[in-house]
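Working notes, beginning with the structure itself.
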Amino acid sequence: MEQLVKDCPKNFLRITELYLKQLDRGDRFNDKWDYDPDITKTNGYVKLVPFDECCINSIIHQLFMNISFRQGIFNTPVLDDNKDENLLYQLQVVFGNLQESEKWSYYASQFYHAYKDRDGKPLDITQMKQMDVDELINGLFDCLEKCVSETSQAMLVKEHFGGLSIQQIKSKDCGHVSEKEEPFYVINCEIKDEENIEEGLELFIEDELLNGGKFKLSNLFNFIFDF
């Protein structure tokens, strides 16, 4: 190439013209290359698109800001050869772009394609808007657990976000107590009219009486992060 343009302005201009024509994609910045050198981040953070109006992007950003979890995702080997359909690999790509990209946004279409519903079909924006946060988080964690289950990071999700609920049923007459344990990732905490989250949690574990007044129900929750 150097020899073609050496001492020949005409060749240089023609080759430059061909190169620019090849690179010019007009306003088609949302294709699979997702490249626009003129757009860079200004506040130190990268925005996720598309679905920026859906809470799934907020969930991904919150997971990313957990540095220990982020590093665990990076350190987890991907065992699936089909990385286009592997949610773990696509999350690694998303986290990598959020951490290293100089652009103002990352077009995470491949990640959302890898995030399937229970029938194995990719979720579209309409479906995601109809899902609440509980569904999105539990679905995401279930998929990630399957991806890491046979790796050294099999407990990654549970160690960072897992909890164990203990439901106690206590008799008012004889003092007998029965317990039932259930693992969880999400709890519903009522914060309306409460001053802080601690008051919401106190309300969450408040005793309740079963119908008939014969038993006392205590929802006692312990958060366990070291399984």
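Every number here is computed from the coordinates shown, using simple stated rules; none is lab data. What you are looking at is a predicted structure, and each value in this text was computed from that prediction instead of being measured. Ideal geometry is used to build each Cβ from the backbone, glycine not excepted, and the neighbour counts take in all protein chains shown.
Please list, in chain and number order, the residues 5+ apart from SER165 or on another chain whose amide H is under 5 Å from its amide H, with Hs placed from the backbone.
Under 5 Å from the amide H of SER165: GLU182, PHE184.
Please give the length that would be gained between ASP119 and ASP142 if that part of the chain were fully extended, namely 0.36 nm times their separation in residues minus their C-alpha to C-alpha distance (nm, one decimal).
Taking 0.36 nm per residue and subtracting the Cα distance, the gain is 6.9 nm.
May I ask which of LYS47/LYS146; LYS146/LYS180; LYS47/LYS116; LYS121/LYS146 have a Cα-Cα span longer than 18 Å here?
The pairs that break the limit, which is 18 Å between Cα atoms, are LYS47/LYS146; LYS146/LYS180; LYS47/LYS116.
Could you order peptides 89-97, 58-66 by the average number of other Cβ atoms within 10 Å of their residues, highest first?
In decreasing order of mean packing, 89-97, 58-66 become 89-97, 58-66.
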